[in-house]
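Comments concern the structure below.
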Amino acid sequence: MFTLSWQPPYDWSWMLGFLAARAVSGVETVEALRYTRSLAIGQHKGIIAVVPDTVTNTLQVTLSDGLLPVADICLEKMERLFDLRCKPQQISQALGELGGGASRAAAARLGGRL
């Protein structure tokens, strides 16, 4: 198992709902707090599963044996998919007061998407 970190807050419910609504049948499955997909990188094929740990702000990533030789590529893909390099607090500070209802919406969804 591998571990990736993120900056809180992160709206996992929203993100997993977003992915579930767009999941490709036979390729991806999304459960309450688990995302699983098949993946092929060159000749390496397998299953990747990710589970967020909201206590430690980490994403637990499990790769099937076929993907272990390309683990670094798999982890980069999951980091991009879940936008784990995002710094929600910096974004919030940079946006400042958006004015009217937009600022309340932004505050309510910090760590998610508008």
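The values are calculated or read from the model by the stated rules, or taken from the named source; none is laboratory data. Small disclaimer: the values here were computed from a predicted structure and weren't measured. FYI the Cβ positions are ideal-geometry reconstructions off the backbone, even for glycines, and counts take in every protein chain you see. Note: areas computed on protein heavy atoms with side chains; ligands, DNA, RNA excluded. Shrake-Rupley method; radii C 1.70, N 1.55, O 1.52, S 1.80 Å.
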Whole-number accessible area per residue in Å² for the range 19-89, which is evaluated in the context of all protein chains at 1.4 Å: 56 Å²
Residues of the range 1-44 with amide N under 13 Å of a point placed 7 Å along Cα→Cβ from Lys87: 7-8
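Take the Cα gyration tensor of the range 46-90, multiply each eigenvalue by 5, square-root it, and list the three semi-axes largest first, rounded to whole angstrom.
Those come to 22, 12, 7 Å.
Per residue, how big is the convex hull around the C-alpha atoms of the range 1-67? Give it to me in cubic angstrom, could you?
Convex hull of Cα atoms, per residue: 91 Å³.
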